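Derivation of every value follows stated rules applied to the coordinates shown; laboratory data play no part. Everything numeric in this text was worked out from a predicted model, so none of it was measured. Positions of Cβ are backbone-derived with ideal geometry, glycine not excepted, and every protein chain shown enters the neighbour counts.
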Amino acid sequence: MNWEASDKQDDLSDDLLPEYDLSTLLKDGVRGKYAGAFAQGTNLVLLAPDVARAFPTQEAVNEALRLVMRLAELPVPADPR
């Protein structure tokens with residue numbers, strides 16, 4: 001694949017409007033702003049759109065995953081056969 005051609009196509013499909021001045025928008029940006037939290041064990045994941053609709057907040061996601069963890073701890077009944 002020719003990456004230069006691909007980059008040029010991406011430039012053509014850029015939907016950033018001309019009135020947006022990136023030098024103004026990004027002037028207060030901090031590189032690595034969340035690096036410390038990430039290093040301390042924060043785990044960021046991208047949810048699929050259908051999952052994000054069902055669990056729209058951090059609390060909802062955590063509650064659902066804790067339920068899954070509790071269910072996984074339940075004993076599995078022996079096969080009565």
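Some points to look at:
- Positions within the stretch 26-67 being loosely packed, with under 10 Cβ neighbours inside 10 Å and assigned to a helix (DSSP H, G or I), in sequence order: Gly36, Ala39, Pro49, Asp50, Arg53, Gln58, Glu59
- Scan of the stretch 18-34 for residues that are more than 24 Å from Leu44 (Cα to Cα) and of a type in the set (Ser, Thr, Tyr), ordered by number: Tyr20, Ser23, Thr24
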